[in-house]
Structures are given as structure tokens and as C-alpha cells.
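A.B. asks: Okay, here's the structure, questions in a sec.
The values are calculated or read from the model by the stated rules, or taken from the named source; none is laboratory data. What you see is a predicted model, and the numbers here were worked out from it, not measured in a lab. For neighbour counting, all protein chains shown are included, and Cβ atoms are generated from backbone atoms with ideal geometry for every residue, glycine included. Only protein heavy atoms, including side chains, enter the accessible area calculation; ligands, DNA and RNA are left aside. Shrake-Rupley method; radii C 1.70, N 1.55, O 1.52, S 1.80 Å.
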Amino acid sequence: AQCYSILFAKEGNEAALETIRDVWMLEVESSVEDVIVENWPNSYESNYEVVEEYVKDQEYHPLVMGRLVAHEIELFMKDDGWNMEGAERDNPSSMSKESVKCTANCSPY
């Protein structure tokens, strides 16, 4: 539920977020903690031990773990080739299905 609530909130589906809160009676958040986002492994640096310590301090609470998983899913979807944010488009001057930055009529899927 926590993972879904973050993904729903990012796409603007506040009704689904409210349903999770009202029907399931869970105090879900609509975003991931800064400590997870700022210390997540990336190509520049990794402070994952900070994330590990944080979730350990939270006693691996299911909602904390859900936010961690939501962050991982979102990062994967940004680079999975399906153009989640509509930031790329096929290059019309190339036969190779090469993508280029979209500058007009960009649509997220």
C-alpha cells in the first residue's frame, strides 16, 4: 500500500491515495524520506549504509520499506526504455530507433 501510494501521488491520483488512507486505515506518505533519496546508490556516489542504518533504526517498518521500494521502482521506470516522463522521442531522421530529447508535443505514458 505504501509503495502504491507514492506512485499514485506522483501521477496525481490523490483519490487512490485517499482510498488507501480511508479504507485500509494506513497512515501512508505521498513521498519518500530525504534520507533514502539522498543516500541511494547512483553513478556518482553511494551512501547506502546510511539507508541501511535508517531502515534498521525504523525496525524495518513495512511502510518505510514500502517507501524504499517505491523509490527503487521509480528510478527503474525512469530508465527502463518506456519513456515514463515523455522526455524522449524517436529520431525521425534515423532508421535505428535512436531516441532524442523531446522538445514539442511530449507525452508521458
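A.B. asks: Do you know which residues across region 1-26 are open to solvent by less than 30 Å² (accessible area, probe 1.4 Å) and hydroxyl-bearing (Ser, Thr, Tyr)?
C.D. replies: First, pick out the residues of region 1-26 that are open to solvent by less than 30 Å² (accessible area, probe 1.4 Å): 2-3, 5-6, 9, 16-17, 20.
Correct list: SER5 only.
A.B. asks: Let me ask something else about it. Any chance you could count how many residues in region 1-38 are over 26 Å from GLU49 (Cβ atoms), in a helix (DSSP H, G or I) and more than 11 Å from the chain's Cα centre (by Cα)? Give the derivation first.
C.D. replies: The initial filter retains those residues of region 1-38 that are over 26 Å from GLU49 (Cβ atoms), namely 1, 4-5, 7-28, 30.
When the remaining residues are screened for being in a helix (DSSP H, G or I), the result is 4-5, 7-10, 14-23.
So of that shortlist, the ones also more than 11 Å from the chain's Cα centre (by Cα) come out as 14-23.
Residues meeting the conditions: 10.
A.B. asks: Another question about this same structure. Would you confirm whether any residue within region 61-79 is modelled with pLDDT of 90 or more, in a loop (DSSP other than H, G, I, E, B) and open to solvent by 60 Å² or more (accessible area, probe 1.4 Å)?
C.D. replies: Checking region 61-79: at least one residue is modelled with pLDDT of 90 or more, in a loop (DSSP other than H, G, I, E, B) and open to solvent by 60 Å² or more (accessible area, probe 1.4 Å).
A.B. asks: State yes or no: is ASN83 modelled with pLDDT under 75 and surrounded by 15 or more Cβ atoms within 10 Å (Cβ to Cβ)?
C.D. replies: Numbers: modelled with pLDDT under 75: yes; surrounded by 15 or more Cβ atoms within 10 Å (Cβ to Cβ): yes.
Against the criterion (modelled with pLDDT under 75 and surrounded by 15 or more Cβ atoms within 10 Å (Cβ to Cβ)), ASN83 qualifies.
A.B. asks: Let me ask you something else. Answer yes if at least one residue in region 43-54 is at pLDDT 85 or above, aromatic (Phe, Trp, Tyr), in a loop (DSSP other than H, G, I, E, B) and open to solvent by less than 80 Å² (accessible area, probe 1.4 Å), and no otherwise.
C.D. replies: Just the residues of region 43-54 that are at pLDDT 85 or above, to begin with: 47-54.
Add one more test, that the residue is aromatic (Phe, Trp, Tyr), and what stays is 48, 54.
Retained after the next criterion (residues that are in a loop (DSSP other than H, G, I, E, B)): none.
No, the conditions are met nowhere in region 43-54.
A.B. asks: Out of GLU33, GLU29, which single residue is charged (D, E, K, R) and open to solvent by less than 50 Å² (accessible area, probe 1.4 Å)? Let's see the steps before the verdict.
C.D. replies: Numbers: GLU29 fails: open to solvent by less than 50 Å² (accessible area, probe 1.4 Å).
So the residue among GLU33, GLU29 that is charged (D, E, K, R) and open to solvent by less than 50 Å² (accessible area, probe 1.4 Å) is GLU33.
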